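Okay, structure first, notes after.
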Amino acid sequence: MVMGELTQETEVLVIGGGPGGYAAAFRAADLGMDVTLVDIAERPGGVCLFRGCIPSKTFLHLSELIHDAAHAESLGIRFGAPEIDLEAIRTWKGKVVDKLANGLVNLSDHRGIQRTRGRAVFESPNSVRLHQSEIGHIKFQYAVLATGSHPIPFAGVKFKKDGRIVNSTGALRLNDVPDSLLIVGGGYVGLELGTVYAALGSRVSVVELGDRLLPGVDIDLVKPLHRRLEGLFESITLNSRVSGLKENDSGVEVTIADQIDNAVQTYDRVLIAIGRQPNTKDLGLENTGVKTDERGFVVVDEQQRTTAKKIFAVGDVIGGMMLAHKATHEGKVAAEVIAGKPSAFDVRAIPAVVYTDPQIAYCGLTEEQAQKENRRIDVNRFPWKASGRALTMDAPEGLTKMIIDPETERILGVGIVGRDAEGIISEGVLAVEMGALAGDVALSIHPHPTLSETEGEAAEIFLGTATHILPKKKS
Amino acid sequence: MARVFKLPDLGEGIHEGEVIAVLVSVGDEVKEEDPILEVETDKASVEIPSPYTGKVEEILVKPGDIVQVGDVLIKFSNGGAVEKEPEKQTAKPIETAAPMAASTKKAGPVPASPATRRLAREMGIDLHQVAPTGPGGLVTAEDVRSFAEKGPKIEEVAESEARPIVKAAPFSVPAPTLPDFSKWGPVERIALRSIRRATAKRMALAWSQIPHVSSQDDVDVTKLEVLRRRHKIDIEAQGGKLSLTAFAVKAVAAALKKYPNFNVSIDTANGEIVRKGYYHIGVAADTEDGLIVPVIRDADRKSITQISIELNELVQKTRQRKVNLADLQGGTFTITNIGAAGGRGHFAPIINYPEVAILGLSAARMKPVVVKKEVTGYEIVPRLIMPVVLTIDHRVLDGMDSTRFLEFFRNALEDPGNLLMAI
Amino acid sequence: MAKMTMVQSINLALSQEMEKDDRVMVLGEDVGVDGGVFRVTDGLIDKFGAQRVIDTPLAESGIVGMSIGMAVYGLRPVCEIQFSGFSYQNFHQIENHAARLRWRSQGRFHVPMVLRTPYSGGVRALEHHSESREAYYAHTPGIKMVIPSGPRNARALLTSAIRDPDPVIFYESKAIYRAFREEVPEEEETWPIGTSQIAREGTDLTLISYGTMMRPTLEAASILQEEDGIETDIIDLLTISPLDDSLFVQSVRRTGRAVVIHEAPGSFGPGAEIVSRIMEKAFYYLEAPIERVTGYDIIIPLFSRENSYIPSTQRILRAARKVLSI
Amino acid sequence: MPKTKIDMSDQVYFLSILNEYGNIDEALEPDIPEDILLKLHHYILLGRRFDERLLSLQRQGRIGTFPPISGQEAAQLGAAAAMRQSDWMVPSFRETAAELWRGRTLENVIIYNNGYNEGGRIPEDRNNLPISVPVGSQILHAVGIGYAIKYRQTDDVVMTFFGDGATSEGDFHEGLNFAGVFQTPVIFVCQNNQWAISLPRSKQTRSKTLAQKALAYAVPGIQVDGNDILAVYTAAKEAVARARSGEGSTMIECVTYRMAVHTTADDPKRYRSDQEVEEWQKRDPLDRFQKYLKDKGLLTDDGIESSEAEIKEQIQAAVDRAEEETKSLGDPLDMFNHAYAELPPHLIEQRNALARELEEHQGEKSHG
């Protein structure tokens, strides 16, 4: 708009086109409401589609191929050394992203959703002002806040396009394959991207503040991955802090401090992956009565309703596990509540998957949590070296474990490390959500040979009926 | 710390009363002096103000209960944080579900499948209160449903204790013996035939049992008549007869919904009022053998077209004595229209026992009516006027009730628009 | 049926008519690549090419003069003047030629063109971007003046306008452009130019309005019903010229009371014509003097004050209650 | 930063083939078929005589005000002759000779100038727009028609006429600019007759020529001796050819002179000297052309005599037909004709009201 400020009116305004936002918009539209979806990007998809899950998984798929090809040698098949055409790789990623994004455009247009470009800033509890947009203001009856999150910046570092110091967004541009790459932060983002760059030929190093990779994930699941990464990466430094970054033409001078002293190293590139923080600044929340906690996350009840009656929030912006599938579920809840349905975010097992090689997937109660809440649990581990399928895939390092309530025999949590963990975690999710007992899983026949058997056997271990592993003596 | 509220001594030797309305609900924050209950004693109906400021934790009575002085009526907790109830939507009809108590939070999650949990939310049931039958204390969907039907055992006990029942003695009036009329001249004795006898019995019963009160009104049906004329033909085409009565049936059904106290019967034996959840309207039809009252079932759920068709069929059947008994039973309110027979003025119909009210209609006629005109002040204009009478059972209803009922009925017929809105 | 804003529904009308009839051309400033400053012509250039969706030099008279030539040749140009506040620079082309060529050539030539232009205030714009001057065009013989009040009738009216054998000035309310969405059927829909419509039925009072003012008028009506129990009849003119007086005359004969609402200045505005038609055709049915609620006879102020200038629901209510009080 | 000359066409040529003494520049002489030459002669003469006859009719009160063309016949006919029938002409109001060439009838002109719209009627088979009075405003219509022609991919062209005064109008500049931008097949013919009512060409603009104004819009401009029909024809022919072959527009400035009044309501003595007029009479296009034709042996004095007679008759016949036709044009109600494709309700009401008035009026008459 070149002149004046047009005002648009809508029943439900969804701010943010990511998995949380578009899920809310779609559901609301399907429930017969008049919906407007505002996003700064032209097409829905958000970080997940354009700068997160999808692009990283396309790359991880490639790194897997590369790894398998190399590994195949020991199994009797020899491929030549891989030739890498970054241009082609980027194009392919672009194609994948386009296909999905255009799909979302169709889905929302056919639902009669009004898609509007711009950055929304609340000016009152029932209206926003739009920046960089055709429209000046939008008046709404209900709003769903789904503005997501962004990588936590490293103190005093500006991320420049084509700079040497990048965040996940920059790393996913895949401008080139640096000779050496330092990853600050041992979370899943860092490890996944590290895996990609290592596969493409970078010498990758990781520095993690904590005493282990993937803080929050049970240590027995992390170990096999750690071992593997030690082979894949140049170095993994724990209990250490990056205290300084100096960028010059030859590289980045990094000062790494552990308890004892400081080491200075130079890397071509540094990837900062020390977590994400909510996009709640400059949203004009102060004009709405929406409260945020000390870390800036929006406070909501289990119906996704914020402290402002007509405003709901979903996804990363409210914190918790910052995962697309959680946002999607929350988005639907918000839409249903707005439509007057007695819906609520009432789940017990949000699955999480780390797409490294091996993969890690878990849901429900973890051993660590149980310890914190000192709950009595019974942990049942089935090592994959006892799984026929695992061995045929040459993936013996895997592990499937089931956390079970000894009194009720109810399955409380499931953890898996190993190849294709992503594919078999869902049985665990269903079990936990259904309040299934160990017997429910143990007595369900699992096809042989598959990795899913490892879940059946883990449950059987609890019952002492396991086949491929000796029964443990019950204490 | 919780506080209880007992029925206070209302003075003048009153020791019991009937709860007419509970003006608060569980969870409400009430301030001292806020009205919380309406209790009716045989002297008066009084609004009882709250003695405390706090949160209503439990309500032990419901409208219709007879309560004794000293009975615990409501439990309070002096609530701290005042959470405002969600402001209601005037703009658009999407009502958001009220924020729910964080049921699943307290005392750890109750094992139940996601679908079961959703079902419970939909039924507004707290899973913690449902007795699980599933393995390892799993609450199943069936558990939730049966809880919804039976409700928790404990409550029932509490109920029977909380409410002493006052039984009222049934009335009875013996008929006096007749003199020998032949002493004064020739007489002929004709046997009371079925319908006549039945009518006689019922009327006598009604008259003796029910303290009748009639109120009269005039309804301007000019507009309605236009409407009726316009649709008469095509409804006849469908085998119906679009009479004013048909409209009246619909209007009454709507009125009953609004004023449920008209849709009841008194169970004097148990001292209870039986409130009916259905709206079956009887329409008196005169046959050569006398009055028969066929019943239009669920009039509230039928269109005026349906009603006029059904009514016509029923009346025909009745006149041909082809009507089956079922069609004559279960009425909750009766309309009698003497217009067809030429009745022109107000009259006082007798209630069709055990109903508690009856509506009488007479023929609509053009009458001079004074209306207010913006500019010229008052004007006399010819309007089509229908006299109506509402007779009520004063045991359950009062003059006020019948005035309201009649007003609703009048508005409905005077402006078909209102009728539409009332449906 | 898809829900659309007026911007989208007008785009739909243009797109469908261009699809159907290769005589239909779109021209104006920034209408092509940029899709128009209000994005009304968005995407048309991709569908129909730069030859039919013409980005012209910045010259209003040029745009309209050229359209007249195209129309005379037998095309059906739909030109956009970016803001009605700039169309004074092409007014002479409308008055001197568009309106007269049929008459001047005694029927040999005619000018089947449409001049689309946004009008009215309420969007916090600069000077020359907020006025309502429909009276100029309504006062000019030989042309038609149309003002839709919502997405659906905008689409139907524009379709009719494009097919009309005579020049049509098509005013589009900026305030409504994206304000609300309506179901607009995919299949073609037209509305006869020169016919008004009943926007609400009532018996006690007639409100007559069009364009931007329809929303406050409708709002006032529902308030009158809720608070005063007054049933209002509302006539949405849709076409200002030729003015269809049949509906509002009948209505006033029923209700005996009328209020006319428009954003344009009151003196010599459309309201003046409407009121005199009522005088000529319904005087003896009147129960009270007619009221006009209009913009004041001044240049519409810059936006900090525009909301005091533009007739509000409150002003309409006041006038209505005054009329009803007599 | 150097200061350099921007490379662009700044050329404006002046073309004259037949000088004021009627002497031909063989090198430039166009090859025009004899019958065309004679037809041109006929129309120059007709234009001149018809002008004179209209003037006398006006003086007799038999027609109303009109704008004479005397002196500009060559500037109009030379240009018009370069077009074919299917081409389009967009005139201003002082191109009667060109209109006649393009098929407008004499009586049509008389009827129009006698105050009847019907005179403005254009024959169906002629692509001429009616005259346009607001100065310069018609130029844009030519561009629109040109655009439409291009869109329809026919090879017709458009020729629009306007005076020296029009070059001060915005529409002139917008027109040339649009024509330049859209490369439309339009020939802009400027009848520079030195006077815009009382304002001399020298005060209209300081530009050396009017033709040069076109250059600013990347439209070639040429100045020709407008009283030299051969020069005008040659320039026009070339411009038409360019336009037909898709090379766009051209502006031709015909330097000529308005020998008579602006309109019959005007008295030039107030602003220009008799001897200026006498100066220009020496350059009369008619005499020049007749000398050329005689030299060419295409025309004799007897020949001129006979055409004079023929034309006199032609005009007289037209005058008679016109006055005959006007008798049938009396009905005031016809003023409502052609207001819209269909008469809208309010106009029907107004028309009926007038009809009633007229009847009453009739009534009174018959009583009185």
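The values are calculated or read from the model by the stated rules, or taken from the named source; none is laboratory data. All of these numbers come straight from a predicted model, not from anything done at the bench. Here the Cβ is made from the backbone with ideal geometry for all residues, glycine too, and neighbour counts use every protein chain on show.
All of (1) more than 14 Å from every other protein chain (Cβ to nearest Cβ); (2) in contact with a strand residue (DSSP E or B) (Cβ under 9 Å, 6 or more places away or on another chain) hold for D:Tyr340 with one exception: (1). Restricting attention to region C:46-73, the residues that are in contact with a helix residue (DSSP H, G or I) (Cβ under 7 Å, 6 or more places away or on another chain) and either part of a loop (DSSP other than H, G, I, E, B) or modelled with pLDDT under 95 (or both) add up to 5. For C:Glu95, the conditions (1) within 12 Å of another protein chain (Cβ to nearest Cβ); (2) farther than 19 Å from C:Asp30 by Cβ; (3) not in a helix (DSSP H, G or I) are fulfilled apart from (3).
Of the residues making up region D:335-344, those that are surrounded by 14 or more Cβ atoms within 10 Å (Cβ to Cβ) and in contact with a helix residue (DSSP H, G or I) (Cβ under 9 Å, 6 or more places away or on another chain) are D:Phe336, D:Asn337, D:His338, D:Ala339, D:Tyr340, D:Leu343.
Going through (1) over 30 Å from A:Glu230 (Cβ atoms); (2) more than 11 Å from chain B (Cβ to nearest Cβ) one by one, A:Pro351 falls short only on (1).
Being crowded, with 23+ Cβ neighbours inside 10 Å and either assigned to a helix (DSSP H, G or I) or basic (Lys, Arg) (or both) is a condition met by at least one residue of region A:51-58. If you go through region A:209-227 and pick out every residue that is in contact with a helix residue (DSSP H, G or I) (Cβ under 8 Å, 6 or more places away or on another chain), of a type in the set (A, V, I, L, M) and over 18 Å from A:Phe382 (Cα atoms), you end up with 2.
From the set of residues in region A:412-443 that are touching a helix residue (DSSP H, G or I) at 6+ places or on another chain (Cβ under 7 Å) and among the small types (Gly, Ala, Ser), which is farthest from A:Ala395 (Cα to Cα)? The selected residue is A:Gly439. For region D:311-333, filtered to residues that are free of Cβ contacts under 8 Å to residues at least 40 places away in the same chain and assigned to a helix (DSSP H, G or I), the residue that is surrounded by the fewest Cβ atoms within 10 Å (Cβ to Cβ) is D:Lys327. Of the residues making up region C:106-134, those that are closer than 23 Å to D:His338 by Cα and either out of contact with any helix residue (DSSP H, G or I) (no Cβ under 6 Å at 6 or more places or on another chain) or of a type in the set (Phe, Trp, Tyr) (or both) number 4.
Which ones in region A:434-475 are within 29 Å of the chain's Cα centre (by Cα) and either farther than 10 Å from A:Ile411 by Cβ or not in a helix (DSSP H, G or I) (or both)? Those that are within 29 Å of the chain's Cα centre (by Cα) and either farther than 10 Å from A:Ile411 by Cβ or not in a helix (DSSP H, G or I) (or both): A:Gly435, A:Ala436, A:Leu437, A:His446, A:Thr450, A:Leu451, A:Ser452, A:Glu453, A:Thr454, A:Gly456, A:Glu457. Scanning region C:170-182 for residues that are facing chain A (nearest Cβ under 9 Å) and over 19 Å from A:Glu134 (Cβ atoms) returns no hits. Of the candidates C:Ile198, C:Ile193, the single residue that is of a type outside the set (Ser, Thr, Tyr) and within 25 Å of C:Cys79 (Cα to Cα) is C:Ile193. Restricting region A:302-346 to residues that are in a loop (DSSP other than H, G, I, E, B), within 14 Å of chain B (Cβ to nearest Cβ) and under 19 Å from A:Asn279 (Cα atoms), the residue that is nearest to the chain's Cα centre (by Cα) is A:Gln304. Looking at B:Ser208, is it touching a strand residue (DSSP E or B) at 6+ places or on another chain (Cβ under 9 Å), assigned by TED's automatic domain parsing to the domain that holds B:Arg410 and more than 22 Å from B:Asp327 (Cα to Cα)? Taking the combined requirement at face value, the residue does not satisfy it. Applying the set (1) more than 19 Å from C:Val323 (Cβ to Cβ); (2) out of contact with any helix residue (DSSP H, G or I) (no Cβ under 7 Å at 6 or more places or on another chain); (3) within 14 Å of chain D (Cβ to nearest Cβ) to C:Ser241 leaves exactly one unmet item: (2).
Regarding region D:69-79, can at least one residue be identified that is within 12 Å of chain C (Cβ to nearest Cβ), out of contact with any Leu (no Cβ under 6 Å at 6 or more places or on another chain), aliphatic (A, V, I, L, M) and touching a residue at least 24 places away in the same chain (Cβ under 8 Å)? No, every residue in region D:69-79 fails to be within 12 Å of chain C (Cβ to nearest Cβ), out of contact with any Leu (no Cβ under 6 Å at 6 or more places or on another chain), aliphatic (A, V, I, L, M) and touching a residue at least 24 places away in the same chain (Cβ under 8 Å). Note on region C:244-279: residues that are farther than 24 Å from C:Thr203 by Cβ and in a loop (DSSP other than H, G, I, E, B) total 4.
A single member of C:Val78, C:Val123, C:Val111 is touching an Asp or Glu at 6+ places or on another chain (Cβ under 9 Å) and farther than 25 Å from C:Thr212 by Cβ, and it is C:Val111. Could you go through region C:75-87 and let me know if any residue there is without any contact (Cβ under 8 Å) to a residue 60 or more places away in the chain, among the aromatic types (Phe, Trp, Tyr) and either within 30 Å of D:Asn108 (Cα to Cα) or within 13 Å of chain D (Cβ to nearest Cβ) (or both). Checked against the condition, which is being without any contact (Cβ under 8 Å) to a residue 60 or more places away in the chain, among the aromatic types (Phe, Trp, Tyr) and either within 30 Å of D:Asn108 (Cα to Cα) or within 13 Å of chain D (Cβ to nearest Cβ) (or both), region C:75-87 yields no hits at all. Can you name the number of the only condition in (1) out of contact with any Gly (no Cβ under 6 Å at 6 or more places or on another chain); (2) within 9 Å of chain C (Cβ to nearest Cβ); (3) of a type outside the set (A, V, I, L, M, F, W, C); (4) closer than 25 Å to C:Phe48 by Cβ that D:Glu174 fails? Tallying (1) out of contact with any Gly (no Cβ under 6 Å at 6 or more places or on another chain); (2) within 9 Å of chain C (Cβ to nearest Cβ); (3) of a type outside the set (A, V, I, L, M, F, W, C); (4) closer than 25 Å to C:Phe48 by Cβ, D:Glu174 fails exactly one: (1). Do we have any residue at all in region A:116-128 that's more than 21 Å from A:Glu286 (Cβ to Cβ) and assigned to a strand (DSSP E or B)? Yes - at least one qualifying residue is present in region A:116-128. Taking the criterion of being farther than 16 Å from A:Ala28 by Cβ and exposed (fewer than 15 other Cβ atoms within 10 Å of the Cβ), the only residue of region A:106-122 that qualifies is A:Asn106.
Just to be sure before I move on: is C:Leu126 in contact (Cβ under 8 Å) with a residue 40 or more places away in the chain, assigned by TED's automatic domain parsing to the domain that holds C:Ser173 and either in a helix (DSSP H, G or I) or in contact with a strand residue (DSSP E or B) (Cβ under 8 Å, 6 or more places away or on another chain) (or both) in the structure I sent? Against the criterion (in contact (Cβ under 8 Å) with a residue 40 or more places away in the chain, assigned by TED's automatic domain parsing to the domain that holds C:Ser173 and either in a helix (DSSP H, G or I) or in contact with a strand residue (DSSP E or B) (Cβ under 8 Å, 6 or more places away or on another chain) (or both)), C:Leu126 does not qualify.
Only residues that are aliphatic (A, V, I, L, M) and over 11 Å from B:Thr334 (Cβ atoms) were counted across region B:286-295, and they come to 1. Among the residues of region A:267-298, those that are assigned to a loop (DSSP other than H, G, I, E, B), in contact with a Lys or Arg (Cβ under 9 Å, 6 or more places away or on another chain) and farther than 20 Å from A:Glu123 by Cβ comprise A:Asp268, A:Gly296. Scanning region D:113-165 for residues that are touching a strand residue (DSSP E or B) at 6+ places or on another chain (Cβ under 9 Å), within 7 Å of chain C (Cβ to nearest Cβ), crowded, with 24+ Cβ neighbours inside 10 Å and not hydrophobic (A, V, I, L, M, F, W, C) gives D:His141, D:Gly144, D:Tyr147.
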